[in-house]
Amino acid sequence: MSHDTPGGDDASSPRHLSTACAQVAHYAPPRHHAALEEALEALIKAHPEPVLPPSALAGLDQLHLGGAAGSRELLAMAALETPEGMPLAILEPGAGLGGLARMLVSQHASAGHHVTTLDLSESLCQLAVALNRATGLRERIRVLEGDACYPELHPALTGRHVDRILSQHLLVHLSDKTDVLRQWHDCLNDDGYLVLHEPVLSVQAQAFHERPQLPVPWALTPRADHLASCEELHEAMANSGFEVEAHAELTPQVLAWQARRLRTPSPGASGQPPLSPAQRASQALTPELIFGPHFPTMQHNLAEALEAGWLEVHLWRLRKRRHP
């Protein structure tokens with residue numbers, strides 16, 4: 001499994017990188033790789049087609065709130081169908097396993113969009129390449145290892161501009177959101193869009209000084225928890241040169257998704273049709289393979305915060321501010 005890594009001395013500050021690496025260390029650590037690779041091999045063997053459909057990986061690579069439905073909402077807001085039919089240059093910083101990128105290229109196969117993912121975790125980049133290959137999309141998605149906060153510092157991206165930047169649940173990891181949004185602002189073409197999919201702290205939670213209990217998928221400790229409110233994100237957007245062109249709250253859909261997950265019957269339950277070998281193998285691709293034994297507690301804490309109204313999920317399409 002190969003992917004492009006940054007070279008030379010260009011890098012963001014050592015302190016920033018050290019902190020960022022610590023924050024992503026719990027995603028797919030090497031000690032989980034044997035179980036993950038075994039589950040993937042079982043899925044590949046069980047599936048009747050020569051390549052896997054990206055949807056078969058949804059339990060593993062759609063780890064944000066709302067799952068695959070949230071990714072579909074993001075892609076719908078990203079305005080990927082251009083009037084001229086021209087292919088777009090698309091960057092996904094903090095892409096992790098690359099589930100959004102695979103969904104994008106499979107849904108827009110004829111558009112020829114140029115999709116690049118960028119993630120700091122070597123482990124996740126290696127797994128993304130393997131999943132791209134298993135789904136027959138290896139040549140459609142470029143996987144870069146590097147700091148998602150500073151795309152310009154990766155040699156493959158220096159001096160280049162893109163038409164779309166797509167980000168899912170990344171700002172929640174970051175304390176200085178304005179600085180990161182400025183970096184992304186400078187990477188966009190003047191008519192480009194930034195699409196953000198983020199969990200946020202509700203007004204109600206702020207009024208009662210409540211926050212989701214830890215651990216959650218983006219933070220194991222309070223020091224790593226940078227969950228912000230909509231107001232704080234809007235201020236960061238404005239201060240980084242963006243204006244909001246479209247905004248939607250996805251919390252009701254996420255609550256429905258969460259309820260479906262909790263009531264999904266176990267395989268072989270009474271009255272349920274038997275699963276095919278491929279379906280059984282797909283169901284074995286669970287978030288625990290990425291997050292480890294903390295995941296049931298993370299899931300409980302997320303469900304509790306959503307049901308209490310402390311946590312919301314929002315989607316934005318931003319463009320560079322227009323000056324008269």
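Each reported figure results from applying straightforward, stated rules to the coordinates on display, with no laboratory input. Note that the coordinates shown come from a computational prediction; the quantities given were computed from them, not determined experimentally. Neighbour counts run over all protein chains shown; Cβ positions are idealised from the backbone, glycine included.
Observations on the model:
- Highest GNM mean-square fluctuation among Thr158, Thr116, Thr286, for the chain modelled with Cα contacts below 10 Å: Thr158.
- Residue among His226, His154, His294 with the largest mean-square fluctuation in a Gaussian network model of the chain, springs linking Cα atoms under 10 Å: His294
- The convex hull defined by the C-alpha atoms of the chain has an orientation-averaged projected area of 17.7 nm².
- Positive minus negative residues near Trp316 (Lys, Arg vs Asp, Glu; Cβ under 15 Å): -3
- Full extension of the chain between Ser175 and Thr221 yields a length gain of 15.2 nm, computed as 0.36 nm times the residue separation minus the alpha carbon distance.
- When you filter the GluC sites (Glu not before Pro) in the range 121-165 for DSSP loop state and at most 12 other Cβ atoms inside 10 Å of their Cβ, you are left with Glu139.
- With the simple model of a label 7 Å out from the Cα in the direction of the Cβ, Gln206 to Ser276 spans 4.9 nm.
- Near Leu233: Cβ cut-off under 12 Å, other residues only, Lys/Arg at +1 and Asp/Glu at -1. The net charge is -4.
- Antiparallel beta bridges, as assigned by DSSP with both residues in the chain, represent about 45 percent of the total such bridges.
- Sites counted here are trypsin sites (Lys or Arg not before Pro) in a DSSP loop (not H, G, I, E or B) having no more than 12 other Cβ atoms within 10 Å; the longest part of the chain that contains none of them is 1-320.
- Whole-number D in µm² s⁻¹ for the range 210-324, Kirkwood Cα-pair radius fed into Stokes-Einstein, 10 °C, 1.306 mPa s: 92 µm²/s
- Taken about its Cα centre, the chain carries a charge dipole of about 700 debye when Lys and Arg each add +1 at the Cβ and Asp and Glu each add -1 at the Cβ.
- Hydrodynamic radius by Kirkwood, which averages 1/r over all alpha carbon pairs of the range 127-210, in angstrom: 15.1 Å
- Distance between the modelled labels on His300 and Arg321, one decimal in nanometres: 4.6 nm (7 Å Cα→Cβ projection).
- Length-normalised contact order of the chain in % [C-alpha pairs under 8 Å, at least 6 apart]: 25 percent
- Structure-based [θ]222 nm, the chain - -39500 (n - 2.57) summed over DSSP H runs of at least 4, per residue, nearest 500: -11500 deg cm²/dmol
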